[in-house]
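The values are calculated or read from the model by the stated rules, or taken from the named source; none is laboratory data. Remember, predicted model here, so these are calculated numbers, not experimental data. Don't worry about glycine lacking a Cβ; one is built from the backbone with ideal geometry, like all the others, and counts go over all protein chains shown.
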Amino acid sequence: SVVGAEAATVFGPFGVEGEYSHVMVDRRKRSKDLGFDGFHVQATWSLTGESKAASYKIKDGEFKRLKPHQYFSLSQGGIGAWELAARYGWINLNDQDIKGGKAQDFTVALNWYLNPNIRMMFDYTHVFKNTNHGINKSASTFGNAEGLNIFQVRGQLTF
């Protein structure tokens, strides 16, 4: 079973959202049930002034694609939409004899929406802690992965 809560709000080009989840695992008769927790909070700022408020769909309970005021175009000088985002996440996957680990991370991202269907994402993530995961350090590439830094670039095409 999963119990969770989420909230989001948008003020013009600024957005804040957060989500918490608690997962309960029924282990039947063998052992006690398990519980795992995690949450994240994030803030966004559209540097070019777009608002996600217009993309919110009540029936789906989510924000849809951000639509740039002007699409990226070399010939017409459009720059698309640029968004700055920051996110903090925490998860605990340890309970009783299960050692899935605990982790905390912070991400800063720059998102470029060329048009409503193409997005480029540039993310930097710093993992503060990733401990107590039950993996033998000699068998793990990152050991406890404290101070791990990740830079990633992703492209997304939607239709």
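Within segment 127-149, none of the residues are within 24 Å of residue 19 (Cβ to Cβ), modelled with pLDDT of 95 or more, among the β-branched types (Val, Ile, Thr) and outside any loop (DSSP other than H, G, I, E, B). Checked against the criterion of being under 23 Å from residue 23 (Cβ atoms), out of contact with any Leu (no Cβ under 6 Å at 6 or more places or on another chain) and free of Cβ contacts under 8 Å to residues at least 60 places away in the same chain, the candidates 96, 70, 104 yield just one match: 104. Residues that are assigned to a loop (DSSP other than H, G, I, E, B) and modelled with pLDDT under 95 were ranked within segment 13-32; the one that is nearest to the chain's Cα centre (by Cα) is 26. The residue list 9, 44 contains one member that is part of a strand (DSSP E or B), modelled with pLDDT under 95 and hydroxyl-bearing (Ser, Thr, Tyr), which is 9. Remark: residue 35 matches the filter, which requires a residue to be modelled with pLDDT of 85 or more, more than 17 Å from the chain's Cα centre (by Cα), in a strand (DSSP E or B) and more than 18 Å from residue 121 (Cβ to Cβ). Take the conditions (1) out of contact with any Phe, Trp or Tyr (no Cβ under 6 Å at 6 or more places or on another chain); (2) crowded, with 16+ Cβ neighbours inside 10 Å; residue 6 misses just one of them, which is (2).
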